[in-house]
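The values are calculated or read from the model by the stated rules, or taken from the named source; none is laboratory data. This structure is a prediction, so every number in the text was calculated from the model and none was measured. FYI the Cβ positions are ideal-geometry reconstructions off the backbone, even for glycines, and counts take in every protein chain you see.
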Amino acid sequence: MPETAAVSEYLKMFRSAKNLNQTEFAKEIGFSRAEISLIERELVDPTLRTLKKIADYMGISISELLQVETDGTETYSELHSSENFPELEFISQRLNAYRNKYEESQEVFAEHVGIHIASLSLMERKRMNPRLSTLQKIAAYMGITVSELLTPLQETQNSDKEMNR
């Protein structure tokens, strides 16, 4: 999946720019070197909490961390967030907006996406730390990117993109 590759590439580029090896970076954010290695080799499915820890340390948003750059000009901007997970709110907003627009029940949506209804319910109530693979499934079904899924509806240029399947 392209987002997994984006996380891997951003992490490698950031470590290189900061002259950090995997062990040093892992220690800074409270992970093991093995965990960082697995993420960089795209062999794990990181949770939203893991992505947030990495993004926070890098000084970018989770959405920026997941963006797939095509021109190689990635930048590291200031992160304007608190200790909470505003992305959970954004996921909830998008799920609710989509399901309301198409009048889909949680059962139908979860079945189409291929996730358990309890997971969907927890995400809509902002109580789940979803894995990247779950976010990828949801975004694909909605016709948007994971990055868009993690941004507020009013801040995206194509806020109705997912409403036009």
Filter the range 123-145 down to residues that are at pLDDT 95 or above and under 11 Å from R94 (Cα atoms) and give me whichever is surrounded by the most Cβ atoms within 10 Å (Cβ to Cβ).
-> I138
Scan (1) at pLDDT 90 or above; (2) assigned to a helix (DSSP H, G or I); (3) surrounded by 16 or more Cβ atoms within 10 Å (Cβ to Cβ) for the single condition S63 breaks and write down its number.
-> (1)
What are the pairs, 6+ residues apart or on separate chains, where a residue within the range 141-165 that is farther than 17 Å from G114 by Cβ has its Cβ under 6 Å from a residue that is assigned to a loop (DSSP other than H, G, I, E, B) and at pLDDT below 55?
-> E148/T156; L153/S159
Breaking point among (1) in a helix (DSSP H, G or I); (2) loosely packed, with under 15 Cβ neighbours inside 10 Å; (3) among the charged types (D, E, K, R), for E148 = (2)
Taking the range 3-25 as the region of interest, how many residues are surrounded by fewer than 19 Cβ atoms within 10 Å (Cβ to Cβ), closer than 30 Å to R127 by Cβ and without any contact (Cβ under 8 Å) to a residue 40 or more places away in the chain?
-> 1
